[in-house]
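Peer 1: This structure is in structure tokens; I'll ask about it shortly.
The values are calculated or read from the model by the stated rules, or taken from the named source; none is laboratory data. Computed from a predicted model, the values in this text were never measured in an experiment. Here the Cβ is made from the backbone with ideal geometry for all residues, glycine too, and neighbour counts use every protein chain on show. Calculation scope for accessible area: heavy atoms of the full protein, side chains included, ligands and nucleic acids excluded. Shrake-Rupley method; radii C 1.70, N 1.55, O 1.52, S 1.80 Å.
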Amino acid sequence: MKFLGLIFANLFRKKLRLVLTIGSFAVALVLFTFLAVVKSAFSRGTEIAGADRLVVVSRIGLTQLMPISHRDKILTIPGVKAVTHNHWFGGVYQDEKNFFPQFVIDPENQRKVMTELVVPDDQWNNFLKDRMGAIAGARTAARFHWKIGDRIPIKTTLYGGGSSEFNLDGIYHSERPGGDESQFWLQWKYFDENAPAPVKSTAGWYVVKLNSPDDAVSVAKAIDEKFANSSFETKSETESAFAAGFAKQFGNIELLILTIGGVVFFTLLLVTGNTMAISVRERVGELAVLKAIGFSGRAVLFFVLAESVVIALVGGILGLTLAYLLIPVIGIALTGLLPPLMLSKSLLTLGVGFALVVGVISGLLPGIGAMRMRVVNALRRV
Amino acid sequence: MIRVDGSGKSNALIQVRGLDKTYRRGGEEIQVLQRLNLDVDKGDFVGFMGPSGSGKTTLLNLLGGLDVPTHGSITVASDEITNMSSNKLTQWRARHVGFIFQMYNLIPVLTAFQNVELPLLLTKLSKSERRKHVETALSVVGLAERMNHYPRQLSGGQEQRVAIARAIVADPTFLLCDEPTGDLDRKSADEIMELIHRLVKEYGKTVLMVTHDPVVAKRADLTLHLEKGLLVESGQLGVTAGGVA
């Protein structure tokens, strides 16, 4: 504590340089946090996927449909608790920019399988009775200011095209933090009645609820073996593996983000390291005097490190605060283009840790130089 | 009594025996100090003069534990500093040596008070005790009213007074002054020398001072000349059989 005055006095020695360094740190932290949030958004599906669920798609690909009869056959496999099926609807609400995923669901089994997506019972019962009914995720409902009872016009180019108006019967919430609340669910019966012949009595994919997560491998194998050598072979995998594979369709997001993050890290290291090196070089004589009057090399190293860590932490916290304010705004602007952007507590902690690491490393080299500096040589330079 | 023949009494405050310092520059060896002996008692005021490059500052650095000799020993208050590790020497300096530099070497971003307080930050004194010590030191040098001024707000003479206050605040065993008036006008130089002289006479401080200025050197009890690495006596108090009273 008694050294705080010395540390802060040195920090404020060059105010403009301090402000610029902290500013560059803050901007870099905003970028770092944004990248981390985007990475987390893409991998969130994997993180929140149910450990006790399998996704079954056509072996040929996700766009290939499977007969609805698969459902009953899957149900006979030991270890399977429930099965539901989905279709991709691919509709447009008012404008293509207003993208949100629309799924045709199997109302009888949806709630048995997707247990974390909660709809109040009265709303769900209304939905069951309404063949033109729809359930929207809370995020999508909020985005378009929908309320229950609204009629939602959706135009689709798939399945023969056409436009329909759906009744918003309910709004679901996810019980899992970060869960997807952007989906829009439609009745399978209505869809099947109006679908063209090749699409009738089909499912886009099945979601299988297991008795136990331990059965995942054996059940997945049993499902694929059951339909092996049929016209509609399947590919079954855990929900997290499916989500990871889906995210990979966008390219290697993780590598891209890690590369940009790495560049940010090293740039920041150079900026702060350079600031600290200049700062130490400017006051070699003063540091030598400190050592002459009895401050140890370690104390001098501590002073330099403390300065760089304070710069990094102030810049880091400023950057994280800016990110905290900006990311929701960016998230709204990018709705439909990116998964929901969420700045979690763990990302904030990671940001502070990142700032701390940069602060320590950037102060280390000039600090060690100051620690090892020979007083006699340094005083001669004054 | 100050002696340079190595025959001083064994309880002298500072005892230097057979001190050699050789620098290596390129492939060449430069011997700065040769077989140097010195005895300084508590309360002595010694001046060192000599041409540039004669080894005055090197001797001061060795006495202050900032540099290590090639051969020989330095003993201060019974502690042989030439055997000490770097960490031990740092601690020893904090306790025993007060440095006064030609360029004052104050920290420009700290006030006079904070500059003087620096050596006390290494002690276990409480904040209020430190304040008392700093105020006393600044009063001794006549700058109690300028304690909240930054070095840039002080004249050269005042800056050197602050540097002196910093050197004496922890009550060190001896003071090392490296051309303390070298950057000052005559009037300021006289004031600084008066102050150093008062520290010796009133407060019993032991002072070793390097200077180029014969007027300044006259204020010392004895002035020793360094020539070609050898220490030669020429004190105004008269040299007797290698010793001066």
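Peer 1: Before we move on, is B:Arg130 buried (at least 23 other Cβ atoms within 10 Å of the Cβ), within 13 Å of chain A (Cβ to nearest Cβ) and either of a type in the set (Phe, Trp, Tyr) or in contact (Cβ under 8 Å) with a residue 12 or more places away in the chain (or both)?
Peer 2: It is false that B:Arg130 is buried (at least 23 other Cβ atoms within 10 Å of the Cβ), within 13 Å of chain A (Cβ to nearest Cβ) and either of a type in the set (Phe, Trp, Tyr) or in contact (Cβ under 8 Å) with a residue 12 or more places away in the chain (or both).
Peer 1: For the list (1) more than 25 Å from A:Gly351 (Cβ to Cβ); (2) away from every other protein chain (no Cβ under 14 Å); (3) modelled with pLDDT under 90, I need the number of the one condition that A:Ala41 fails.
Peer 2: Failed condition: (1).
Peer 1: Right, next: A:Glu181 passes all but one of (1) farther than 21 Å from A:Gly61 by Cβ; (2) open to solvent by 20 Å² or more (accessible area, probe 1.4 Å); (3) not in a loop (DSSP other than H, G, I, E, B); which number fails?
Peer 2: For A:Glu181, the failing item is (3).
Peer 1: Let me ask something additional. Just to be sure, is A:Val263 within 26 Å of B:Ile164 (Cβ to Cβ) and either at the interface with another protein chain (Cβ under 8 Å from one of its Cβ atoms) or assigned to a helix (DSSP H, G or I) (or both)?
Peer 2: Here the answer is no, as A:Val263 does not meet what is asked.
Peer 1: Can you tell me which residue among A:Ile332, A:Ile293, A:Ile327, A:Ile311 is within 14 Å of chain B (Cβ to nearest Cβ) and either buried (at least 18 other Cβ atoms within 10 Å of the Cβ) or under 30 Å from A:Arg143 (Cβ atoms) (or both)?
Peer 2: The unique qualifying residue is A:Ile293.
Peer 1: Next question. Residue by residue through the stretch A:217-240, note down the ones that are under 16 Å from A:Gln64 (Cβ atoms) and basic (Lys, Arg).
Peer 2: If the condition is that a residue be under 16 Å from A:Gln64 (Cβ atoms) and basic (Lys, Arg), then A:Lys235 is the only one that fits.
Peer 1: Next up: Could you list, in sequence order, the residues of the stretch B:5-25 that are of a type in the set (Lys, Arg), at pLDDT below 90 and part of a strand (DSSP E or B)?
Peer 2: Passing the criteria: B:Arg24, B:Arg25.
Peer 1: A:Val113 - would you say it is within 21 Å of A:Thr238 (Cβ to Cβ), at pLDDT 90 or above and open to solvent by less than 10 Å² (accessible area, probe 1.4 Å)?
Peer 2: Judged against the criteria, A:Val113 is a match.
Peer 1: In the list A:Leu326, A:Leu301, A:Leu334, which residue meets the criterion of being out of contact with any Asp or Glu (no Cβ under 6 Å at 6 or more places or on another chain) and at pLDDT 95 or above?
Peer 2: Result: A:Leu301 is the single residue among A:Leu326, A:Leu301, A:Leu334 that is out of contact with any Asp or Glu (no Cβ under 6 Å at 6 or more places or on another chain) and at pLDDT 95 or above.
A quick yes/no check of all residues on (1) surrounded by fewer than 17 Cβ atoms within 10 Å (Cβ to Cβ); (2) touching a strand residue (DSSP E or B) at 6+ places or on another chain (Cβ under 6 Å):
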site: A:Glu165; (1), (2): yes, yes
site: A:Gly170; (1), (2): no, yes
site: A:Ala195; (1), (2): no, no
site: A:Ser230; (1), (2): yes, no
site: A:Ala243; (1), (2): no, no
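Conditions (1) open to solvent by less than 60 Å² (accessible area, probe 1.4 Å); (2) under 14 Å from A:Leu186 (Cα atoms); (3) among the β-branched types (Val, Ile, Thr); (4) over 29 Å from the mean Cα position of the chain (by Cα), marked per residue:
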{"residue": "A:Val56", "(1), (2), (3), (4)": "yes, no, yes, no"}
{"residue": "A:Pro67", "(1), (2), (3), (4)": "yes, no, no, yes"}
{"residue": "A:Pro78", "(1), (2), (3), (4)": "no, no, no, yes"}
{"residue": "A:Glu96", "(1), (2), (3), (4)": "no, no, no, no"}
{"residue": "A:Leu117", "(1), (2), (3), (4)": "yes, no, no, no"}
{"residue": "A:Gly137", "(1), (2), (3), (4)": "yes, yes, no, no"}
{"residue": "A:Trp146", "(1), (2), (3), (4)": "yes, no, no, no"}
{"residue": "A:Pro153", "(1), (2), (3), (4)": "yes, yes, no, yes"}
{"residue": "A:Thr157", "(1), (2), (3), (4)": "no, no, yes, yes"}
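Peer 1: Kindly indicate whether A:Phe3 is of a type in the set (Phe, Trp, Tyr) and farther than 22 Å from A:Ser362 by Cα.
Peer 2: No; evaluated as a whole, the condition is false for this residue.
Peer 1: Does A:Gln123 fit the bill of being farther than 18 Å from A:Gly90 by Cα and open to solvent by 10 Å² or more (accessible area, probe 1.4 Å)?
Peer 2: In short, yes.
Peer 1: Let me spell it out: the conditions are (1) free of Cβ contacts under 8 Å to residues at least 40 places away in the same chain; (2) under 19 Å from A:Val118 (Cα atoms); (3) of a type outside the set (Val, Ile, Thr), and A:Gln187 meets all of them except one. Which number is the exception?
Peer 2: Every condition holds for A:Gln187 apart from (1).
Peer 1: Pick from the stretch B:104-125 the residues that are without any contact (Cβ under 8 Å) to a residue 24 or more places away in the chain and open to solvent by 50 Å² or more (accessible area, probe 1.4 Å): which of them is farthest from the other protein chains (Cβ to nearest Cβ)?
Peer 2: B:Lys124
Peer 1: Among the residues of the stretch B:71-87, write down those that are within 14 Å of chain A (Cβ to nearest Cβ) and more than 29 Å from B:Val162 (Cβ to Cβ).
Peer 2: B:Met84, B:Ser85
Peer 1: Look through the stretch A:342-382, keep the residues that are within 14 Å of another protein chain (Cβ to nearest Cβ) and charged (D, E, K, R), and return whichever of them is farthest from A:Arg139 (Cα to Cα).
Peer 2: The qualifying residue farthest from A:Arg139 (Cα to Cα) is A:Arg380.
Residues are listed down the side, and each one gets a yes or a no for (1) closer than 30 Å to A:Ile74 by Cβ; (2) open to solvent by 30 Å² or more (accessible area, probe 1.4 Å); (3) of a type in the set (Val, Ile, Thr); (4) in the same structural domain as A:Asp215 (by TED's automatic domain parsing):
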{"position": "A:Leu256", "(1), (2), (3), (4)": "no, yes, no, no"}
{"position": "A:Leu268", "(1), (2), (3), (4)": "no, no, no, no"}
{"position": "A:Met276", "(1), (2), (3), (4)": "no, no, no, no"}
{"position": "A:Arg283", "(1), (2), (3), (4)": "no, no, no, no"}
{"position": "A:Gly297", "(1), (2), (3), (4)": "no, no, no, no"}
{"position": "A:Val300", "(1), (2), (3), (4)": "no, no, yes, no"}
{"position": "A:Leu320", "(1), (2), (3), (4)": "no, no, no, no"}
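Peer 1: Is at least one residue of the stretch A:11-20 in contact (Cβ under 8 Å) with a residue 40 or more places away in the chain, in the same structural domain as A:Ala323 (by TED's automatic domain parsing) and open to solvent by less than 10 Å² (accessible area, probe 1.4 Å)?
Peer 2: The answer is no, given that none of the residues of the stretch A:11-20 is in contact (Cβ under 8 Å) with a residue 40 or more places away in the chain, in the same structural domain as A:Ala323 (by TED's automatic domain parsing) and open to solvent by less than 10 Å² (accessible area, probe 1.4 Å).
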